[in-house]
Amino acid sequence: MAVQDISTYSFKDIFSLSVVQFEKACVFNKPEQIDAYNIYWIKQGRGVYNIDFESYAFNDNVLFFLSPGQVFSVESEKIKEAYKLNFVRDFYCIQAHDKEVACNGVLFNNIYETPFVKPSKSDTKKLNFILESLIDEFKKEEATAQYDMLQAYLKQFIILSVRVKKEHHVIKDDTETKLFKDFSLLVEQNFKTLHSVTDYANRLGISPKSLTKNFQKTGSQTPSSFIKNRIVLEAKRQLIYSNQSVKQIAYGLGFNDAAYFTRFFKKATAKSPLQFKKDY
C-alpha cells in the first residue's frame, strides 16, 4: 500500500490503525515479510495482491488477514478508502479467546485458504462503527484503561469478521474437516522436523491410509503434497528474507543433504533455490 496520504494512530508500538483515503494507482514489486498480525479492509478500491507467492484479485469492500511470517506484495492497486489494523502477538493473541477468534482460529494462520472475506452492507455499518470508536479511543490522551478498551474494540472487529466469514463462506465441521484442521496444525508445528505422512498419522492415532482417504473426502491435496508444499513455502520465505545459505536453510528444514534439498525444491518449483532467489 502506498505510504503517502496515510494517517496512522498507534498505541505503544503494539497496536495501530492506519487510514487511507485517496485514489491513486500504484505498483509495488518488492515483497515484504509480515512481522505482525495485519487486518486490511479495502473499503473502496481494486487491485491484485500477492500473498505467499500466490496472486489474489479483489474489487471493493474486502477484508483480508495476514499473519507473521507471510510474504506480501502489491502487484497493482487503486485505493480510494482503506484501513489497516496492525498488532503484535502480545497485544491480543496471548489472551484466552474462543478458538474461532484466536490467532490460530478462523481468520489467521490459514495459509492454505483464500484470505479474503467480503462483508455485507449491514456488516459494513457495524465494522465502520467499531473503527470510528477505535479512532476516538486512539485520540484520547492518557485515558483510563486505554489498553483494555483498544483491545476490546479489536476483539469486536475480529469477532464480527469471523461471523462474516462463517455466514458467507462454508466452514464445515464434520469429522473429515476436523481431521484436516488437526493435521494442518500438526504440520505447521512440526514441518521442519517431520516430513513423512506416517509421522503425522501416528500422532493423530490413525493409519497413513486412513489419513489419505479422509483427505480424498474433503477434496484436498494428498497429505504428502500438503507437507511438501508447506516445506517449499518456508524455503521460499527463507531464501528471500534470510541471509542463510542454501545448505543452512536445508538443515533448518530437516534435510541432512543439501543436494537432496535442492532436488526436492527444484522438483516442486522448476527452479533451483539459487535461481528462485535470483529471480525474486
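Coordinate-derived values only; no laboratory data. Just so it is clear, the model here is predicted, and its values are computed rather than measured. Using ideal geometry, Cβ is built from the backbone for each residue, glycine included, and neighbour counts are taken over all protein chains shown.
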Problem - Ranked by how many other beta carbons lie within 10 Å on average, peptides 42-49, 121-128, 222-229, 136-143 from highest - result: 42-49, 222-229, 121-128, 136-143
Exercise for the section: Would you mind checking the pairs Lys209/Lys266; Lys165/Lys213; Lys125/Lys192; Lys209/Lys236; Lys165/Lys236 and listing those with alpha carbons more than 32 angstrom apart? Expected result: Lys125/Lys192
Exercise for the section: Could you give the size of the charge dipole of segment 175-279 about its Cα centre, using +1 on the Cβ of each K and R and -1 on the Cβ of each D and E, expressed in debye and rounded to the nearest 20? Expected result: 280 debye
Practice task
Calculate, in nm to one decimal, what Asp136 and Ala268 gain on full extension: separation in residues at 0.36 nm each, minus their alpha carbon distance.
Solution key: 42.6 nm
